[in-house]
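Right, one structure below, let's go through it.
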Amino acid sequence: MGRVITAGLVLAILGLAGLGAYAYLADMTPQTGEMTVSVTLHAD
């Protein structure tokens, strides 16, 4: 039972390390650009 818990903890730590590496190294910059939207206001 101890090996199962140890293996689970090791996998969780490796998963968190992988997620952190992906967050820092991956290209996750948002696409930027100008957007023009017409808005009609009905002020009655």
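What follows draws every value from the coordinates through simple rules; no lab data is involved. Source: prediction; values computed, not measured.
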Problem set entry | Using alpha-carbon coordinates, inclination of helix 2-25 to the longest axis of the chain, degrees | 30
Problem set entry | For segment 1-42, alpha-carbon Rg over 2.2 N^0.38 Å | 2.44
